[in-house]
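Before any comments, here is the structure.
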Amino acid sequence: MAIREIRTKDDEILHKKCKQVTNFDSRLWILLDDMYDTMKLHDGVGLAAPQVGILKRAIVIDVGGGRIELVNPEIIEESGSQNGAEGCLSVPGVWGEVERPNKVKIKAQDRDGKWFIMEGEELLARAFCHECEHLEGKLFLDRVTKFIDQ
């Protein structure tokens, strides 16, 4: 696996909408593996493909329950509300309070193209939302209600 460079907030690629993944091949698998290793090296809980310069709809997440890979994810249901601190590997050193749904249901494909549905609450719901927004070219900074000094 390789560690990839994380793009930062001023990189225009982070502000572009990602394309659907259509090839579920070794290139995708390498990308997902590299993204996971990069995320772990930087102590992140989620990483989206545009954060490593790839405009594809692919995400990796690990909030402590193990590796989750989401290809072509779509949030299909949200409920509740939570406010909490949020940061981003593409915006190093910046934290802000962000309101997100407390529970999220997501539909996605795995690395082989098989569709599945997954639910997440609290931190996992926050990660689903945060990373899916990256795929739309949005950063959490647009949702911050209050910046937090670290």
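Throughout, read-outs are computed from the coordinates displayed, never taken from laboratory work. Just so it is clear, the model here is predicted, and its values are computed rather than measured. All Cβ positions, even for glycine, are placed from backbone atoms using ideal geometry, and neighbour counts span all protein chains on display.
Things to note:
- Picking from residues in segment 18-36 that are of a type outside the set (A, V, I, L, M, F, W, C) and touching a residue at least 12 places away in the same chain (Cβ under 8 Å), the one that is nearest to residue 66 (Cα to Cα) is 36.
- Annotation: of all residues in segment 10-26 being among the acidic types (Asp, Glu) and not in a helix (DSSP H, G or I), the one that is surrounded by the fewest Cβ atoms within 10 Å (Cβ to Cβ) is 10.
- The residue list 95, 29 contains one member that is surrounded by fewer than 20 Cβ atoms within 10 Å (Cβ to Cβ) and assigned to a strand (DSSP E or B), which is 95.
- Any hit, segment 118-134, residues being exposed (fewer than 14 other Cβ atoms within 10 Å of the Cβ), in a loop (DSSP other than H, G, I, E, B) and in contact (Cβ under 8 Å) with a residue 40 or more places away in the chain: no
- Output for segment 66-92, where each listed residue is within 30 Å of residue 29 (Cα to Cα), touching a Pro at 6+ places or on another chain (Cβ under 9 Å) and not in a strand (DSSP E or B): 90
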